[in-house]
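Take a look at the structure set out below.
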Amino acid sequence: MSIQIIQVFREKMKKNIELVILGKSTVVERALMAMLCGGHILIEDIPGTGKTMLARSMAISLGSKFSRIQFTPDMLPSDVTGVSIFNQKSREFEFKPGPIMANIVLADEINRATPKTQSALLEAMEERQITVDGKTHQLAEFFMVIATQNPIEYEGTFNLPEAQLDRFMLRLNIGYPAGEHEIGIMRAQQYSHPIQDLKAVASLADLKKAQEAVKKVHVSTDVEQYIVAVSQATRTHDEIYLGASPRASLALYRLGQCQAAFQERDFVIPDDIKAIAPYVLAHRLLLQPSSHYQDMDPLDLVKEILNGVRVPGA
């Protein structure tokens, strides 16, 4: 029954989102997995590939509150979290909430903001709360950050700190559409954009039920040990300066449950962990300085580690 709840939610959301995002079934599924696991997403891709449309489509399909923050170098932390303003009539400070007070927040071009402004998201992403002028404000029960950045254009950008990268459960790349899908995009937008006609197909209550169902997927001791072995292998690799954190292991655990449920299983197998590990680990790894001169890619190192760690039962 639990698996059926997840499957129904997945199919409704996926079918609706794919009315806007054509030919990117795997990307849509990975994004829905992060939603079901209560995680945040970093989308790293070139302009025009549908990063913003994916975030908007997810919010509309869920019937949730959506806000967009366009990050710029002159943005202040208060532009994200909100600010306390003194009310002359009541003679008290009133909190004016910022765009962070939503269910799904699109942090567009997040690497264009200064580290001080980027850090305004840290507390929100981990603790689901913000602190303004010493007072704590709780965020919505369901809160998700979908951040985007352009991997090509580095002028006027700031690297995301490791502490913030670690808070993104997944890093996704959308990529160019295939030829037939690009034709479909042009035809779909001949008169208007399909997102204008998109309707909600699920609710926050449906999401909560599906999230609870994901938690019931069984993870054996062998699989738990395999997750830890993969994470530990990143910490001892000669080419890696900073490996995966325990938060990364927890992300593998949760996403492994969701991956199994998407495959209509109520138990996790090592192949589930292998399927999602590249999306979870690559952006968290900090390579040795010598590795950059050899043009080593963190994604290739993750694949090397997965091939080297012994699989339970193999």
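Look through the stretch 255-282, keep the residues that are within 18 Å of residue 35 (Cβ to Cβ) and in contact with a strand residue (DSSP E or B) (Cβ under 9 Å, 6 or more places away or on another chain), and return whichever of them is surrounded by the fewest Cβ atoms within 10 Å (Cβ to Cβ).
Ranking the qualifying residues of the stretch 255-282, first place goes to 276.
Take the stretch 83-99 and flag every residue that is among the small types (Gly, Ala, Ser) and more than 23 Å from the chain's Cα centre (by Cα).
Those that are among the small types (Gly, Ala, Ser) and more than 23 Å from the chain's Cα centre (by Cα): 84, 90.
For residue 148, indicate whether it is assigned to a strand (DSSP E or B) and either surrounded by fewer than 15 Cβ atoms within 10 Å (Cβ to Cβ) or among the hydroxyl-bearing types (Ser, Thr, Tyr) (or both).
Considered against the rule, which asks whether it is assigned to a strand (DSSP E or B) and either surrounded by fewer than 15 Cβ atoms within 10 Å (Cβ to Cβ) or among the hydroxyl-bearing types (Ser, Thr, Tyr) (or both), residue 148 comes out as yes.
Report those helices (runs of 4 or more DSSP H) wholly inside the stretch 178-287 carrying at least 1 residues which are assigned by TED's automatic domain parsing to the domain that holds residue 30.
Ranges flagged: 179-188, 204-215.
Report the residue count in the stretch 9-26 for those that are among the aliphatic types (A, V, I, L, M) and either at pLDDT 95 or above or under 11 Å from the mean Cα position of the chain (by Cα) (or both).
Residues that pass the stated criteria total 2.
Taking the stretch 153-166 as the region of interest, how many residues are crowded, with 18+ Cβ neighbours inside 10 Å, in a loop (DSSP other than H, G, I, E, B) and not aliphatic (A, V, I, L, M)?
1
Here's a check for you: in the stretch 64-97, which residue that is in a loop (DSSP other than H, G, I, E, B) and in contact with a helix residue (DSSP H, G or I) (Cβ under 7 Å, 6 or more places away or on another chain) is surrounded by the fewest Cβ atoms within 10 Å (Cβ to Cβ)?
73
The values are calculated or read from the model by the stated rules, or taken from the named source; none is laboratory data. Keep in mind that this is a model prediction, so the values were computed, not measured. A quick note on method: Cβ atoms are made from the backbone with ideal geometry, for glycine too, and the neighbour counts reach across all protein chains shown.
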